[in-house]
Amino acid sequence: MVRGADAPTLYALLGATPSATPLELQRAWRRTARRLHPDKNLEPSAESAFKVASAAYDVLKDPKRRAHYDNCGEGEMRPRTVWEWWDGFEDSLDDRRWAGTEAARASG
């Protein structure tokens with residue numbers, strides 16, 4: 001996995017440019033999804049690549065989230081790459097799983 005300054009942007013993961021229209025982004029997503037979908041691509045890394053591309057499209061298809069991604073620059077508000085964003089997303093999922101487990105233990 002490539003991380004840091006050489007990592008692809010959300011747009012590059014989908015094969016799109018920052019000036020792409022919503023329709024162009026959707027078409028780029030569909031091409032990428034067909035190429036990476038685990039049912040079509042039997043490579044071991046296909047499933048994780050599909051999930052990362054899906055997360056990229058989830059950000060870019062929402063006008064507010066896309067504007068935030070495009071305009072926030074390199075500061076703490078926006079991860080520089082999708083890999084950094086994905087790491088934070090996974091961490092938040094882990095936090096939710098643990099919180100649910102602790103709540104279940106407390107009630108049971």
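The values are calculated or read from the model by the stated rules, or taken from the named source; none is laboratory data. As the structure is a computational prediction, the values presented were derived from the model and not from experiment. Here the Cβ is made from the backbone with ideal geometry for all residues, glycine too, and neighbour counts use every protein chain on show. Protein only, heavy atoms only, side chains kept; ligands, DNA and RNA dropped before computing areas. Shrake-Rupley method; radii C 1.70, N 1.55, O 1.52, S 1.80 Å.
Using unit Cβ charges (K, R positive; D, E negative) and no other charged atoms, how large, in debye to the nearest 20, is the dipole of segment 10-72 about its Cα centre?
Approximately 180 debye in magnitude.
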Can you give me the accessible area per residue for segment 10-72, using a 1.4 Å probe, in Å²? 64
Once the principal axes of the Cα atoms of segment 10-72 are found, what is the range along each, listed largest first in whole angstroms? 36, 20, 15
